[in-house]
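Asker: Have a look at this one before I ask anything.
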């Protein structure tokens, strides 16, 4: 179908049409939304080409959206078609991708005829809307009001279609950019949120964590490690780890981070330091590699955890196992000793019966008997102490428990040449308590007093007396004493002032617990190089 040759037309009319086309394009640019842009394009096309109706067809996802408007109906009407009939002017325009002029009635199946059934078609001109990758659809002008469509009209509608395609492409790109920006903003928010979570975790971990690069410069330091270094987190960034964290001028001795950064290995080592009191503090240092985008290891992350208490607990458990074995051995030895002691006591009694009462050997037999009974009592006290029995509170004589405890450690006083002074008040009322547990309390405190006199000289004073409704037991030694900072921690589990291997640090914590079970309390006073005094207060049973 060929376009007609343009009839004579004044330059003024062409200028008006072109001016209207420019205004149409300006309004389309300002429309902003595709639906509004399409409606304005259809309405404006009627004004520019001075025609009775106009339409626009867009193909999307296999369907065809048709928007048509007439001068009689200013409201644009939308229709959707599943397909365009083959051979129809609409299909021909899309297939040939070129303008088409129709001067005959459209087929009854034509989407334009169906959508504009109130219009008697006399002529139609349409131009494709071309995009770089495909043709989106076409613009159509129906029935020129005066005359027929000219070459200028064909060129104008084609230019409008090209400009409309550019606007659609621009709008599509703008929408795509908006989606990309929205996705970037969402990704940025997620990244920021993840970073905030990681920062919280990084700084909330109760262990020291920091990251270094291949030059041993700090990249990131958590709050815990910065506090240990006595500096702010920001001031540490960019400094060498061995200098700012460990005050060394070169790589720390024993450092394994080189194996991590340059060998990709995960390492672990123990780092020991000694505090002002001479106690060792152990840190477990673990290193892990951090790879870059190319897979090359760029950084290393280090975890430093204080394992001093863990090691102390492990040593205590080992010592407890040893003490348990010693206890079992002591029980066996005590049983073995009790048998010959029984024989000694029985034979001494027989010897006393057989000897005349005025025989000088009676005194020797009596000495043998008393020594055997005393040894037997010590064995019984030892067995009572280590025997596992249910704790029962009964009326108990405090002085008797003190004497039983003293009898078990009397040999320690004798062998160490340490004086023992008893000041036990007579006629003390009984208390509700456990004799075995009280005996264990006295043994623990007395042994601590003996250990405090390292030079083998000194004195231990044991007193008992009534004060109001309480019985007080005071155990005083003239040992080395304790400093105030040590005194505040002696009842903490696993804390000990003794040399390694000589104490578990559990004794006084157990003493405090047993005294509280008896409704009493314990106080301690101590001065370095003067001595220590324990005061135990137990309530009298009503």
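Asker: Within region 220-231, identify whether any single residue is in contact with a helix residue (DSSP H, G or I) (Cβ under 7 Å, 6 or more places away or on another chain) and in contact (Cβ under 8 Å) with a residue 24 or more places away in the chain, and answer yes or no.
Answerer: Within region 220-231, not a single residue is in contact with a helix residue (DSSP H, G or I) (Cβ under 7 Å, 6 or more places away or on another chain) and in contact (Cβ under 8 Å) with a residue 24 or more places away in the chain.
Asker: Here is a further query. Does any residue in region 402-429 that is closer than 17 Å to residue 464 by Cβ come within less than 7 Å, Cβ to Cβ, of a residue that is modelled with pLDDT under 85 six or more places away or on a different chain, and which pairs are these?
Answerer: Short answer, once both residue conditions are applied: 404/381; 407/377; 407/378; 407/381.
Asker: Quick check on this structure: which one of 194, 163, 122 is assigned by TED's automatic domain parsing to the domain that holds residue 38 and in a helix (DSSP H, G or I)? Show your work before the answer.
Answerer: Numbers: 194 fails: assigned by TED's automatic domain parsing to the domain that holds residue 38; 122 fails: in a helix (DSSP H, G or I).
Unique residue meeting the criteria: 163.
Asker: Kindly provide the set of residues from region 81-133 that are closer than 20 Å to residue 161 by Cα, touching a residue at least 40 places away in the same chain (Cβ under 8 Å) and out of contact with any helix residue (DSSP H, G or I) (no Cβ under 9 Å at 6 or more places or on another chain), ordered by number.
Answerer: Selection gives 93, 94.
Asker: Next question, about the same structure. When residues of region 259-309 are filtered for being in contact with a strand residue (DSSP E or B) (Cβ under 8 Å, 6 or more places away or on another chain) and over 15 Å from residue 208 (Cβ atoms), how many remain?
Answerer: First, pick out the residues of region 259-309 that are in contact with a strand residue (DSSP E or B) (Cβ under 8 Å, 6 or more places away or on another chain): 259-262, 264-275, 280-292, 297-308.
Those still in the list that are over 15 Å from residue 208 (Cβ atoms) too: 259-262, 264-267, 272, 274-275, 280, 289-292, 297-299.
Looking only at that region, the number is 19.
Asker: Going by what's in this entry, would residue 107 be described as over 30 Å from residue 175 (Cα atoms), modelled with pLDDT under 85 and in a loop (DSSP other than H, G, I, E, B)? Don't jump to the end; show me each part of the working.
Answerer: On the way: over 30 Å from residue 175 (Cα atoms): yes; modelled with pLDDT under 85: yes; in a loop (DSSP other than H, G, I, E, B): yes.
So residue 107 passes the test.
Asker: How about region 389-505: which strands (runs of 3 or more DSSP E) wholly inside it have at least 3 residues that are surrounded by fewer than 19 Cβ atoms within 10 Å (Cβ to Cβ) and modelled with pLDDT of 90 or more?
Answerer: Values: elements: 394-396, 419-424, 431-433, 459-467, 470-477.
In region 389-505, 419-424, 459-467, 470-477 are the strands (runs of 3 or more DSSP E) which contain 3 or more residues that are surrounded by fewer than 19 Cβ atoms within 10 Å (Cβ to Cβ) and modelled with pLDDT of 90 or more.
Asker: Would it be correct to say that residue 439 is touching a residue at least 60 places away in the same chain (Cβ under 8 Å), within 22 Å of residue 539 (Cα to Cα) and either assigned by TED's automatic domain parsing to the domain that holds residue 526 or out of contact with any strand residue (DSSP E or B) (no Cβ under 9 Å at 6 or more places or on another chain) (or both)? Give the steps one after another, and end with the answer.
Answerer: Details: touching a residue at least 60 places away in the same chain (Cβ under 8 Å): no; within 22 Å of residue 539 (Cα to Cα): yes; either assigned by TED's automatic domain parsing to the domain that holds residue 526 or out of contact with any strand residue (DSSP E or B) (no Cβ under 9 Å at 6 or more places or on another chain) (or both): yes.
When the stated conditions are applied, residue 439 does not pass them.
Asker: Now for a separate question. Looking at region 215-229, can you tell me whether even one residue there is at pLDDT 90 or above and more than 27 Å from the chain's Cα centre (by Cα)?
Answerer: Yes, that holds for at least one residue.
Asker: Additional query: Taking the conditions exactly as written (more than 19 Å from residue 218 (Cα to Cα), assigned by TED's automatic domain parsing to the domain that holds residue 368, modelled with pLDDT under 85 and surrounded by fewer than 11 Cβ atoms within 10 Å (Cβ to Cβ)), does residue 323 satisfy them or not? Please lay out each step first, then the result.
Answerer: Details: more than 19 Å from residue 218 (Cα to Cα): yes; assigned by TED's automatic domain parsing to the domain that holds residue 368: yes; modelled with pLDDT under 85: yes; surrounded by fewer than 11 Cβ atoms within 10 Å (Cβ to Cβ): no.
It is false that residue 323 is more than 19 Å from residue 218 (Cα to Cα), assigned by TED's automatic domain parsing to the domain that holds residue 368, modelled with pLDDT under 85 and surrounded by fewer than 11 Cβ atoms within 10 Å (Cβ to Cβ).
Asker: Given (1) surrounded by 13 or more Cβ atoms within 10 Å (Cβ to Cβ); (2) modelled with pLDDT of 80 or more; (3) farther than 22 Å from residue 131 by Cβ, identify the lone condition not met by residue 89.
Answerer: (3)
Asker: Going by the structure shown, is residue 40 within 60 Å of the chain's Cα centre (by Cα), modelled with pLDDT of 60 or more and part of a helix (DSSP H, G or I)?
Answerer: Numbers: within 60 Å of the chain's Cα centre (by Cα): yes; modelled with pLDDT of 60 or more: yes; part of a helix (DSSP H, G or I): yes.
Yes; evaluated as a whole, the condition is true for this residue.
Asker: On the given criteria, is residue 247 touching a strand residue (DSSP E or B) at 6+ places or on another chain (Cβ under 6 Å), over 30 Å from residue 482 (Cα atoms), free of Cβ contacts under 8 Å to residues at least 24 places away in the same chain and in the same structural domain as residue 297 (by TED's automatic domain parsing)? Show your work before the answer.
Answerer: Details: touching a strand residue (DSSP E or B) at 6+ places or on another chain (Cβ under 6 Å): no; over 30 Å from residue 482 (Cα atoms): yes; free of Cβ contacts under 8 Å to residues at least 24 places away in the same chain: yes; in the same structural domain as residue 297 (by TED's automatic domain parsing): yes.
Criteria not met by residue 247.
Asker: Yes or no: region 252-275 includes at least one residue that is loosely packed, with under 15 Cβ neighbours inside 10 Å, assigned to a loop (DSSP other than H, G, I, E, B) and modelled with pLDDT under 85.
Answerer: yes
Asker: Any residue in region 6-23 that is farther than 21 Å from residue 169 by Cβ, in a loop (DSSP other than H, G, I, E, B) and modelled with pLDDT of 85 or more?
Answerer: Checked against the condition, which is being farther than 21 Å from residue 169 by Cβ, in a loop (DSSP other than H, G, I, E, B) and modelled with pLDDT of 85 or more, region 6-23 yields no hits at all.
Asker: Might you let me know whether region 171-188 holds any residue that is modelled with pLDDT under 85, buried (at least 19 other Cβ atoms within 10 Å of the Cβ), assigned by TED's automatic domain parsing to the domain that holds residue 49 and closer than 25 Å to residue 60 by Cα?
Answerer: Scanning region 171-188 turns up no residue that is modelled with pLDDT under 85, buried (at least 19 other Cβ atoms within 10 Å of the Cβ), assigned by TED's automatic domain parsing to the domain that holds residue 49 and closer than 25 Å to residue 60 by Cα.
Asker: Would you be able to say whether some residue in region 95-102 is farther than 22 Å from residue 169 by Cα and at pLDDT below 85? Step through it out loud before you land on a result.
Answerer: Quick first cut of region 95-102, residues farther than 22 Å from residue 169 by Cα only: 100-102.
In the following step, the residues that additionally are at pLDDT below 85 were identified as 102.
The answer is yes; a qualifying residue exists.
Asker: Also, quick follow-up: How many residues, within region 350-361, are surrounded by 14 or more Cβ atoms within 10 Å (Cβ to Cβ) and either outside the structural domain of residue 375 (by TED's automatic domain parsing) or assigned to a helix (DSSP H, G or I) (or both)? Break it down into steps so the answer makes sense when it comes.
Answerer: Narrowing region 350-361 to residues surrounded by 14 or more Cβ atoms within 10 Å (Cβ to Cβ): 351-352, 355.
Imposing the further condition that a residue be either outside the structural domain of residue 375 (by TED's automatic domain parsing) or assigned to a helix (DSSP H, G or I) (or both) reduces the set to 351-352.
Number of matching residues: 2.
Asker: Return yes or no: is residue 145 exposed (fewer than 11 other Cβ atoms within 10 Å of the Cβ), touching a residue at least 24 places away in the same chain (Cβ under 8 Å) and not assigned by TED's automatic domain parsing to the domain that holds residue 230?
Answerer: On the way: exposed (fewer than 11 other Cβ atoms within 10 Å of the Cβ): yes; touching a residue at least 24 places away in the same chain (Cβ under 8 Å): yes; not assigned by TED's automatic domain parsing to the domain that holds residue 230: yes.
Yes: the conditions hold for residue 145.
The values are calculated or read from the model by the stated rules, or taken from the named source; none is laboratory data. Values in this document were obtained by computation on a predicted structure and should not be read as measured data. Backbone-built Cβ (ideal geometry, glycine too); neighbour counts: all protein chains shown.
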